[in-house]
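Worksheet: one structure, shown below.
The values are calculated or read from the model by the stated rules, or taken from the named source; none is laboratory data. This is a predicted model, so every value here is computed, not measured. Quick reminder, even Gly has a Cβ in these numbers, built from the backbone with ideal geometry, and neighbours come from all protein chains shown. For accessibility, only protein heavy atoms count, side chains too; no ligands or nucleic acids. Shrake-Rupley method; radii C 1.70, N 1.55, O 1.52, S 1.80 Å.
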Amino acid sequence: MSAAGIPGPGPLSTGEIISLCDSHLLKNVGRIPLALVRGKGLKVWDAEGKEYLDFIAGIATCAFGHAPDFMAETLERQARTLVHVSNLFYNEPMARLAELLTRQSGLDRAFFCNSGAEANEAALKMARKYGSERSGGKRFRIVSAKNSFHGRTMGAISITGQQSLHDGFHPLLPGVSFVPFGDLEELDRAVDDSVCCVFLEPIQGEGGVEPAPDGYLPKAAEIARSRGALLVLDEVQTGLGRTGADFAFRHFGVTPDIMTLGKALGSGYPVAATLSTEEAGQALGPGSHSTTVGGAPLAMAVALELTSRLLDKDFLTRVAETGRYFLGRLNSLAASLPGAVQEARGLGLMLGLKLKVPAGPVVQKLLARGFIANATAGTVLRFVPPLVVTPAEIDLLCAALAESLAEERPAE
Ligand SMILES: Cc1ncc(COP(=O)(O)O)c(C=O)c1O
């Protein structure tokens, strides 16, 4: 690095990358002091060549691990053919992806955009307009869950049930109320004929890997629909194989009226989707909603390739099997370390280990041992590895986890 702080030629060191970022990026997130430069499968390497096994996968995103060859090939082929045309026109990859996602999900209509928060924004607008058209503007309220997470736009934080993400951003979207996740009586009380939708995650991810209790989602759908409201499921994190099913709603015996997808859909390429029934989708007619780059052939081609692979039956079966194996290993760990671990939970490869100690220091210890994991909701270790993780890689993590947890002491 020159005296003026301008990097010279050649790759930068971790220290140089961090210093450059800290000098010029908005300080809107707290980053782990690790600069990753390369990846393959579960492995990533930092700027000094240290290897890590990645059990976060870019926060439940890189479904096929890092830098899968087929993504590079698809992106190159499409980039040399047609990158972007805007929604003034039709394009073939978008047509094929919409057909595939609607056929698989049983929903009827698809809208494509660039991030999970934007997919939720479209869902919110759809539900609001649907409600408005049926009530002369009176049906506009949204019921969401405490501890939920739906993204970082103003609309998305407004329906996110975490006070800390609201602080300083008021006034938020009006008409949103929060109920305890899994509590049907509270939901029943909160939904009246002023509500346009109930907006839920099937498994709360950021909220600590909390699956909806048995029977909750079908009953939530019944409550919503009986009062003229829609059930929106945010499957940005749970959708497309993460739980060992095509969509997490399969585990819970319910089909949503609107569902949002992101993360695995592009596996690191920015693309997301809002799917809906015909009836709900009609609310967003011509001119009501759009985005310039959403549905661009480049994004659609890579998402189509990824989705075709993610929805393969054998692939999903393997994810479910690997998830059961991983959960079994975490359960054994919980049983052998009762002083440090409360329980293991989750579905497929969306797993959490609820600790009796703060999860942050354990993440640091894992990192020092060459494993990347994530702390969420204070005391939960979240594991959302690439869906191609192997039992051998899980064994390596569990050995490092056992060592790291054995060093932890529960608070007196
Ligand atoms: C359930 C859920 N919804 C929405 C989002 C927001 O997605 P994005 O960060 O792509 O906007 C996330 C991101 O973590 C999420 O987990």
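Being within 30 Å of Ala359 (Cα to Cα), surrounded by 16 or more Cβ atoms within 10 Å (Cβ to Cβ) and of a type in the set (Val, Ile, Thr) narrows it down to one residue among Val198, Val176, Val209, Val191; which is it?
Details: Val198 fails: within 30 Å of Ala359 (Cα to Cα); Val176 fails: within 30 Å of Ala359 (Cα to Cα); Val191 fails: within 30 Å of Ala359 (Cα to Cα).
Going through Val198, Val176, Val209, Val191 in turn, just one is within 30 Å of Ala359 (Cα to Cα), surrounded by 16 or more Cβ atoms within 10 Å (Cβ to Cβ) and of a type in the set (Val, Ile, Thr): Val209.
If the Cβ limit is 9 Å and pairs must be 6+ apart or interchain, which residue in region 267-281 that is modelled with pLDDT of 95 or more pairs with which residue that is basic (Lys, Arg) and crowded, with 24+ Cβ neighbours inside 10 Å?
Ala272/Lys263
Could you check region 275-292 and list, in sequence order, the residues that are in a loop (DSSP other than H, G, I, E, B), among the polar types (S, T, N, Q) and more than 16 Å from the ligand (Cβ to nearest atom)? Steps first, answer last, please.
Residues of region 275-292 that are in a loop (DSSP other than H, G, I, E, B), as a first pass: 277, 282-292.
Narrowing the set further to residues that are among the polar types (S, T, N, Q) leaves 277, 282, 288, 290-292.
Thr277, Gln282, Ser288, Ser290, Thr292 - these are the residues of region 275-292 that are in a loop (DSSP other than H, G, I, E, B), among the polar types (S, T, N, Q) and more than 16 Å from the ligand (Cβ to nearest atom).
Look at Val236 and say whether it is within 13 Å of the ligand (Cβ to nearest atom) and under 16 Å from Ala123 (Cα atoms).
Values: within 13 Å of the ligand (Cβ to nearest atom): yes; under 16 Å from Ala123 (Cα atoms): yes.
Taking the combined requirement at face value, the residue satisfies it.
Given region 98-185, what strands (runs of 3 or more DSSP E) lie entirely inside it while holding 1 or more residues that are within 24 Å of Pro213 (Cβ to Cβ) and in the same structural domain as Glu201 (by TED's automatic domain parsing)? Before the answer, list the steps.
Details: elements: 109-113, 141-145, 176-179.
The qualifying strands (runs of 3 or more DSSP E) are 141-145, 176-179.
Failed condition for Pro338, given (1) within 19 Å of Arg382 (Cα to Cα); (2) part of a loop (DSSP other than H, G, I, E, B); (3) not assigned by TED's automatic domain parsing to the domain that holds Ala392, with all others met?
Result: Pro338 passes all but (3).
Only one of (1) away from the ligand (no atom under 16 Å from the Cβ); (2) over 18 Å from the mean Cα position of the chain (by Cα) is not met by Ser105, so which one is it?
Here Ser105 meets the rest and fails (2).
Among the residues of region 243-274, write down those that are more than 10 Å from the ligand (Cβ to nearest atom) and assigned to a loop (DSSP other than H, G, I, E, B).
Thr243, Gly244, Ala245, Asp246, Phe247, Ala248, Gly253, Val254, Thr255, Pro256, Asp257, Gly268
Residues checked against (1) open to solvent by 40 Å² or more (accessible area, probe 1.4 Å); (2) within 16 Å of the ligand (Cβ to nearest atom); (3) within 17 Å of the chain's Cα centre (by Cα):
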site: Leu88; (1), (2), (3): yes, no, no
site: Asn91; (1), (2), (3): no, no, no
site: Phe111; (1), (2), (3): yes, yes, no
site: Ala122; (1), (2), (3): no, yes, yes
site: Tyr130; (1), (2), (3): no, no, no
site: Arg141; (1), (2), (3): yes, no, no
site: Ala145; (1), (2), (3): no, yes, yes
site: Ser148; (1), (2), (3): no, yes, yes
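Please determine whether any residue of region 249-256 is β-branched (Val, Ile, Thr) and under 16 Å from Ile203 (Cα atoms). Step through it out loud before you land on a result.
The first filter runs over region 249-256 and keeps only residues β-branched (Val, Ile, Thr), leaving 254-255.
From what is left, the residues that are under 16 Å from Ile203 (Cα atoms) are 254-255.
Checked region 249-256: at least one residue is β-branched (Val, Ile, Thr) and under 16 Å from Ile203 (Cα atoms).
Given the conditions (1) part of a strand (DSSP E or B); (2) in contact with a strand residue (DSSP E or B) (Cβ under 6 Å, 6 or more places away or on another chain), and given that Cys196 satisfies all but one, which numbered condition is not satisfied?
(2)
Part of a helix (DSSP H, G or I) and within 16 Å of the ligand (Cβ to nearest atom) - does that describe any residue in region 59-81? Talk me through it step by step, then tell me what you get.
At the first step, the residues of region 59-81 found to be part of a helix (DSSP H, G or I) are 59-60, 69-79.
This time we only want the ones that are within 16 Å of the ligand (Cβ to nearest atom), so: 59-60.
There is at least one residue in region 59-81 that is part of a helix (DSSP H, G or I) and within 16 Å of the ligand (Cβ to nearest atom).
Answer yes or no: is there a residue in region 2-17 that is in the same structural domain as Ala273 (by TED's automatic domain parsing), part of a loop (DSSP other than H, G, I, E, B) and among the β-branched types (Val, Ile, Thr).
First, pick out the residues of region 2-17 that are in the same structural domain as Ala273 (by TED's automatic domain parsing): none.
For region 2-17, residues in the same structural domain as Ala273 (by TED's automatic domain parsing), part of a loop (DSSP other than H, G, I, E, B) and among the β-branched types (Val, Ile, Thr): absent.
Exactly one of (1) without any contact (Cβ under 8 Å) to a residue 60 or more places away in the chain; (2) in contact with a Phe, Trp or Tyr (Cβ under 8 Å, 6 or more places away or on another chain) is unmet by Gly370. Its number?
For Gly370, the failing item is (1).
Are there any pairs, at least 6 apart or on different chains, whose C-beta atoms fall under 7 Å, with the first in region 137-155 and among the basic types (Lys, Arg) and the second within 11 Å of the ligand (Cβ to nearest atom), and if so, which?
Arg152/Ala117
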